[in-house]
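Structure, as structure tokens:
The values are calculated or read from the model by the stated rules, or taken from the named source; none is laboratory data. This is a predicted model, so every value here is computed, not measured. Please note: Cβ atoms are built from the backbone with ideal geometry, for glycine as well, and neighbour counts cover all protein chains shown.
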Amino acid sequence: MLLQPSKKALVPFVSVENMMHLVHHVGIETMLAELTDAIEDDFRRWESFDKTPRVASHSPEGVIELMPTSDHETYGFKYVNGHPKNMSQGLQTVTAFGLLAEVSTGYPVLLSEMTLLTALRTAATSAMAARHLAPKNSRVMAMIGSGAQSEFQALAMKVVVGIEEVRFYDIDFRATEKAVRNLADSGLRVVACRSAEEAIEGAQIVTTCTADKQFATILTDNMIGRGIHINAIGGDCPGKTELHRDILLRSDTFVEYPPQTRIEGEIQQMDPDYPVTELWRVITGLSEGRRDTNQITLFDSVGFAIEDFSALRYVRNRLKGTDLFLELDLLADPDDPRDLFGMLLRAKG
């Protein structure tokens, strides 16, 4: 006997293919702008969320993490990995998927790929921070690390902040050539650089996004002049940093969630009482962001679950009126909730 699943059993699923179609349906720059606003809206209600550092399983090869949060109406989590050595095998360094569920029933209401969506939400979060912290009328950005997220970062800074020129540097010049090629029709002036110093020349915003899982010094103190905004997004686990600690001593540092950032971010190099400001406080006007033209601001971004929650809710809303999802028969939902075994019996030939 063929049993038809109930509507409750069917969960919308956004595949990689459909996520790509959704991005093109909306338009990538429009999507980045809308995602930035969606994330900022949730930062404005930061105190209404459950917050916990992500649950991480570390190995010599990388890390696998779960990132949960809830606003007490909707629950969300993301599964994500970070395996720098994957690149040598032709694999992505980061892959992810995520889920939303009703708090009232516990039933999932969305399952989605999040490899693409993580790149989009990370870029949107960077642009949101720069909107509040970067020098006014910033027009030039240095992108140190030309990997999978770099083009998303550049486009988000263009549409949200008004960046006109992006200067790329990567230790693998082929990655830089890839980024330059991909952004050829973006409306940005794109410059391929042979050193980090060359990339930073003339930049008001410096973004670092490298993959090595180690304490590294991508930027040294003498490379950072007054008035620059640094967007450090590559450091995202214990033992992985990108900035020399002397830069932090000269910077005002802004973070997502201090208990997580002190473990995973650039500030893991610093004393436990190193002062930081939570970004949501700047966005809501409770704390000061950029004070003057000489101030160095640093967004020590490790990625936080609320950003993924915001991105998943955005996608769920954007799916309405489209067919850019599949319905997965994911949940057992018998007519009589006490008779799960009976449902199994009735499915027998």
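Where strands (runs of 3 or more DSSP E) sit wholly within the range 1-86, those with at least 3 residues that are under 19 Å from the mean Cα position of the chain (by Cα), in the same structural domain as residue 311 (by TED's automatic domain parsing) and not β-branched (Val, Ile, Thr) occupy 62-70, 74-82. Taking the criterion of being at negative phi and surrounded by fewer than 23 Cβ atoms within 10 Å (Cβ to Cβ), would at least one residue in the range 296-303 satisfy it? Yes, some residue in the range 296-303 is at negative phi and surrounded by fewer than 23 Cβ atoms within 10 Å (Cβ to Cβ). Exactly one residue out of 168, 173, 254 is within 18 Å of the chain's Cα centre (by Cα) and among the aromatic types (Phe, Trp, Tyr): that is 254. Does residue 322 count as at pLDDT 95 or above, within 23 Å of residue 121 (Cβ to Cβ), in the same structural domain as residue 131 (by TED's automatic domain parsing) and of a type in the set (Val, Ile, Thr)? Criteria not met by residue 322. For the range 283-316, a tally of residues being under 24 Å from residue 246 (Cα atoms) and in contact (Cβ under 8 Å) with a residue 60 or more places away in the chain returns 13.
Out of (1) in the same structural domain as residue 38 (by TED's automatic domain parsing); (2) in contact with a Pro (Cβ under 8 Å, 6 or more places away or on another chain); (3) surrounded by 14 or more Cβ atoms within 10 Å (Cβ to Cβ), the odd one out for residue 334 is which? Failing condition for residue 334: (2).
Counting only residues that are surrounded by fewer than 19 Cβ atoms within 10 Å (Cβ to Cβ), at pLDDT below 95 and of a type in the set (Gly, Ala, Ser), give me the strands (runs of 3 or more DSSP E) lying completely in the range 209-260 with at least 1 of them. Outline the logic, then answer.
Numbers: elements: 215-219, 229-232, 241-243, 251-255.
Because the criterion is at least 1 residues that are surrounded by fewer than 19 Cβ atoms within 10 Å (Cβ to Cβ), at pLDDT below 95 and of a type in the set (Gly, Ala, Ser), the strands (runs of 3 or more DSSP E) in the range 209-260 that meet it are 215-219.
Looking only at residues of the range 261-277 that are touching a helix residue (DSSP H, G or I) at 6+ places or on another chain (Cβ under 7 Å) and crowded, with 18+ Cβ neighbours inside 10 Å, we find that the one that is nearest to residue 50 (Cα to Cα) is 261. Residue 53 meets the conditions (1) at pLDDT below 95; (2) within 22 Å of residue 262 (Cα to Cα); (3) surrounded by fewer than 18 Cβ atoms within 10 Å (Cβ to Cβ) in every case but one. The failed one is (3).
Of the residues 66, 35, which single one is in contact with a Lys or Arg (Cβ under 8 Å, 6 or more places away or on another chain) and farther than 22 Å from residue 258 by Cβ? Spell out the reasoning first.
Details: 66 fails: farther than 22 Å from residue 258 by Cβ.
From the options 66, 35, the qualifying one is 35.
Taking the conditions (1) under 19 Å from residue 204 (Cβ atoms); (2) in a helix (DSSP H, G or I) in turn, residue 180 satisfies each one other than (1).
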